[in-house]
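Notes to accompany the following structure.
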Amino acid sequence: MRVAAVVFDWGGTLTPWHTVDVRAQWRQTYAAHAHPDDHAAAEALTDALCDADAHHVRLGREEHRSSTLEQVLEHACAAVGLDPSAVDGPTVRASYERWWEPHTFTDPHVHPLWAWLRTQGIKVGVLSNTIWSRDYHRGLFARDGVLELVDGDVYTSELDVVKPHPEAFLAAARAVEADPGECIYVGDRLYEDVHGPRQVGMRTVHIPHSDIPGDQTVAVDVTPHAVAHHLADIAGIVHGWRSGAGDG
Ligand SMILES: [Mg+2]
């Protein structure tokens, strides 16, 4: 197999899986900011944010439609009759990003893996299902010293669709200027990250160690081309495929 690029999922793949308290996330950031002195109003906004969040997760899972953080905020604000401009802004955005920070650190094995891929003439790509912006994601990679190793990156907040929609993977292949049949996709979810890329002819590596919530899981009968129990296993898998092992 000729390998032109390896494209990676983000959460649970490049960043170790963390189970987060979704309600606390909204309560301690946007709801606390909008209603610092009104407990009941803050709780009501938190309920609306959780409902909006769940609605947009469902749109992605069932209809493969993408969403942005701004759309989740607008949806929640509409439900409680609040002007979105009263909720969003640089201060609350900073508090939201601080809340997330402990859950965003790049796995220390990413840098040596990406550096090795590039020495092999293989491009490095990223394709993430995310409501967050390109700038935010790239800021995380820059903070962790790996941004300069990314050849092409796609965030579904910029697309109309999310994984496993084939168009998301075709966009990722275009971003790394590679034929999908010469791309390997690495991710932690069978439906999004194995079924998805197989549809466009990518070879797939599953990292099966994320504790994915039941409401985010779609049952699917699909087999990855390889399983990696650790990011450090990827180099050996790629090397084997390039040498012809396991082709077909
Ligand atoms: Mg993931």
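Values in this text are rule-based calculations from the coordinates and carry no lab data. This one's a predicted model, so the numbers in the text were calculated from it and none came from an experiment. Quick reminder, even Gly has a Cβ in these numbers, built from the backbone with ideal geometry, and neighbours come from all protein chains shown.
Could you give the dipole magnitude of the chain about its Cα centre, charging the beta-carbon of Lys and Arg +1 and that of Asp and Glu -1, in debye to the nearest 20?
Dipole magnitude for the chain comes out near 840 debye.
Tell me, what is the FRET efficiency for Glu148 and Asp51 to the nearest 0.05, using R0 = 35 angstrom and their Cβ-Cβ distance as r?
That gives a FRET efficiency of 0.30.
Relative to the present Cα-Cα distance, how much length would full extension add between Thr217 and Glu62 at 0.36 nm per residue of separation?
Between Thr217 and Glu62, full extension yields an extra 54.7 nm.
Starting from the 7 Å offset along Cα-to-Cβ, what nm value, one decimal, do you get for the label separation of Ala24 and Ser133?
A separation of 2.7 nm, rounded to one decimal place.
Quick one: work out the % antiparallel among DSSP beta bridges in the chain, nearest 5.
5 percent
Can you tell me how much longer the chain between Glu101 and Arg242 gets when fully stretched, taken as 0.36 nm per residue apart minus their C-alpha distance, in nm with one decimal?
Net length gain for the segment: 47.1 nm.
Size of the dipole of the range 174-235 about the Cα centre, Lys and Arg at +1 and Asp and Glu at -1 on the beta carbon, nothing else charged, in debye to 20?
It works out to roughly 120 debye.
If R0 is 41 Å, what FRET efficiency do you get for Asp83 and Gln120 from their C-beta distance, rounded to 0.05?
So the FRET efficiency works out to roughly 0.20.
Name the residue farthest towards the positive end of the dipole of the chain from the options Gly11, Val57, Gly214, assuming +1 on Cβ of Lys and Arg, -1 on Cβ of Asp and Glu, about the Cα centre.
My answer, from the dipole projection, is Gly11.
Residues of the range 99-142 with the amide nitrogen closer than 18 Å to a label point 7 Å from the Cα of His209, along Cα-to-Cβ, please.
Inside the label zone: 103-114.
What 222 nm value per residue comes from the helices of the chain, counting each DSSP H run with n ≥ 4 as -39,500 (n - 2.57) and dividing by all residues, nearest 500 deg cm²/dmol?
Helix contribution divided over all residues of the chain: -11500 deg cm²/dmol.
If you place +1 on the Cβ of every Lys and Arg, -1 on the Cβ of every Asp and Glu, and leave all else neutral, what size is the dipole of the range 31-83 about its Cα centre, to the nearest 20 Debye?
In total the dipole reaches around 280 debye.
What is the gain in length, in nm to one decimal, between Ala44 and Ala94 on full extension, counting 0.36 nm per residue of separation less the C-alpha to C-alpha distance?
Net length gain for the segment: 15.8 nm.
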